[in-house]
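So that we are looking at the same thing, I have put the structure below in structure tokens.
The values are calculated or read from the model by the stated rules, or taken from the named source; none is laboratory data. What you see is a predicted model; the values in this text were computed from it and never measured. Quick reminder, even Gly has a Cβ in these numbers, built from the backbone with ideal geometry, and neighbours come from all protein chains shown. We work out accessible area using only protein heavy atoms, side chains counted, and drop any ligands, DNA or RNA first. Shrake-Rupley method; radii C 1.70, N 1.55, O 1.52, S 1.80 Å.
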4 protein chains.
Amino acid sequence: MSELDVAGLQRRLAEFAASREWQAYHTPKNLAAALSVEAAELLEIFQWLTPQEADRVMEDPDTAHRVADEVADVLAYLLQFCGAVGVDPLVALAAKIDRNERRFPVGRPPGRAARVSEEGDRHSSE
Amino acid sequence: MSELDVAGLQRRLAEFAASREWQAYHTPKNLAAALSVEAAELLEIFQWLTPQEADRVMEDPDTAHRVADEVADVLAYLLQFCGAVGVDPLVALAAKIDRNERRFPVGRPPGRAARVSEEGDRHSSE
Amino acid sequence: MSELDVAGLQRRLAEFAASREWQAYHTPKNLAAALSVEAAELLEIFQWLTPQEADRVMEDPDTAHRVADEVADVLAYLLQFCGAVGVDPLVALAAKIDRNERRFPVGRPPGRAARVSEEGDRHSSE
Amino acid sequence: MSELDVAGLQRRLAEFAASREWQAYHTPKNLAAALSVEAAELLEIFQWLTPQEADRVMEDPDTAHRVADEVADVLAYLLQFCGAVGVDPLVALAAKIDRNERRFPVGRPPGRAARVSEEGDRHSSE
């Protein structure tokens, strides 16, 4: 399918919102809030599961559908947010991976790396 | 650049994590939590802004960089989560847009549509 | 200390914000966003920990301080949100426990209870 | 009512969980995730509202009930989290207000104060 790439999906989302006159709601602040809410809905699926149960979450068809559905919501709001602020998410991620490859020496766990990183930068995720 | 698509970025993220032995941390549950944390960090940029200030957030170069950086973090954890559970995020979003085009009649604001939708479905975002 | 109750802390928070002219920022929507951001910062402490590591999180003094600090932030924004919308959080919680004691039969895990509950109510947490 | 204080509500929540054998689910990590999810559900109520609509959110009885209900959920998981890690939330908040009264000079907006604060501390909320 020709639309199955990020730019094509962004176009479909923009047309969907425009034809329903939802753009007025799709401000950067509202979309950032909605993105955060959808990410929490994805987390909700896992909140009471043991790590072992969480690893098997896709074995149940209903839960698997719910996971895919929340992934779609997160991506939808992320792409719409990026459209609203003019950020290309693929370029942003490629640039971040480039930076991280320079910053994080091989062989450290994320927590340790994050603590080291925080000395020069408040973003623990970098 | 040949890697500037979702599949290529997913490969780079997987190699980055593997070469640092971070895969043990990258369980579905942990990645869902990390995705939610990064989405909140993006929201944090906007939390005290008026809608008008939020619309101009990219005019300040430091804030613009911070926004792009948080977008990259959200996308990174979303792609790594999708890798861990075996969901194709582009397929999931395309399927969701298809469903939403059938479900949401043109001309309703999101809140109203969400309320109607909740009668048959708990996902207010659909 | 005479102020070590919810009403006293709410007064101190209101005076703190008023004397710095922060009330204009403390709208219900902004406070709900800030509450969500702080809750995510608390979660961030735990995101890469195994359940076993998470259970020992207070043994490290720095992490213990960080946990208490994020708890304070969450409670601060919750109390300020409640002040802004006129909800008494203790009354709201007591009423909810009353309802839940009627709704949740003894002996079910939260996930199961949530699923049953969702048949009549979209709030999986009730 | 004699139980309408934080310690009394914590006792009721602990008894509620114990009598349903939910304690195994109530680990610090799971409770931090659940707290974050509930805070996002509160934010969800506001995500598409203008600041003006958000300020009138309690005028609609159904929405007012939903707000109180989400406040109760956030407080419930915050108190249960505090019980699990042994933090007194009122003491933590009182200590934080003490620190903030020393750190934040009167007359700065939160964003500006947060930026200044970040030079010495990564917690923008302090």
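How many partner chain Cβ atoms sit within 10 Å of a residue's Cβ in peptide B:81-90, on average, as a whole number?
Working: counts 6, 5, 0, 4, 8, 4, 8, 3, 9, 9.
Counting other chains' Cβ atoms within 10 Å and averaging over B:81-90 gives 6.
Roughly how many nanometres apart are two label points built 7 Å out from the Cα toward the Cβ at B:GLU15 and C:ALA18?
6.1
Would you pull out the residues with amide H under 5 Å of B:VAL87's amide H, same chain only if 5 or more places away, H placed 1.01 Å from N?
Counting only residues 5 or more places away or on other chains, the set is empty.
Given the rotation that superposes chain B on chain A, what residue of B brings its beta carbon nearest the axis, and what is the distance in Å?
B:ALA39, 2
Can you list the lysines whose alpha carbon is less than 26 Å from that of B:LYS29, not counting same-chain residues fewer than 8 positions off?
List returned: A:LYS96, B:LYS96, D:LYS29.
Please report, for B:ASP98, the nm distances (one decimal) from its label point, 7 Å out from Cα along the beta-carbon direction, to the equivalent points in the remaining copies, shortest first.
3.7, 4.9, 6.1
Separate question: Mind checking C:58-65 for the average number of partner chain beta-carbons within 10 Å of each residue's beta-carbon?
Working: counts 5, 0, 0, 0, 1, 0, 3, 2.
Mean partner shielding for this stretch: 1.
Just checking the output field for D:93-103: average partner chain Cβ neighbours within 10 Å of each residue's Cβ?
On the way: counts 16, 8, 4, 10, 8, 1, 2, 6, 4, 0, 0.
Average per residue, whole number: 5.
To one decimal in nm, how far is C:ALA24 from the same spot in the other copies, if labels go 7 Å from Cα toward Cβ? Please give the shortest first.
2.5, 5.3, 5.5
With labels modelled as points extended 7 Å from the Cα through the Cβ direction, what inter-label distance (nm, one decimal) is found for D:THR63 paired with A:ALA7?
4.0
Give the nm distances, rounded to one decimal, from A:ASP62 to the matching residue in every other copy, measuring between label points 7 Å along Cα toward the beta carbon; shortest first.
So the distances to the same position in the other copies read 2.5, 4.5, 5.1 nm.
Right, here's the next one. With every protein chain present, what accessible area does A:LYS96 have (1.4 Å probe, heavy atoms only), rounded to the nearest 10 Å²?
10
Sorted by accessible area (1.4 Å probe), largest first, how do A:SER36, D:SER19 line up? All intermediate terms of the calculation are to be shown ahead of the outcome.
Working: A:SER36 5, D:SER19 55 Å².
Heavy-atom accessible area, descending, gives D:SER19, A:SER36.
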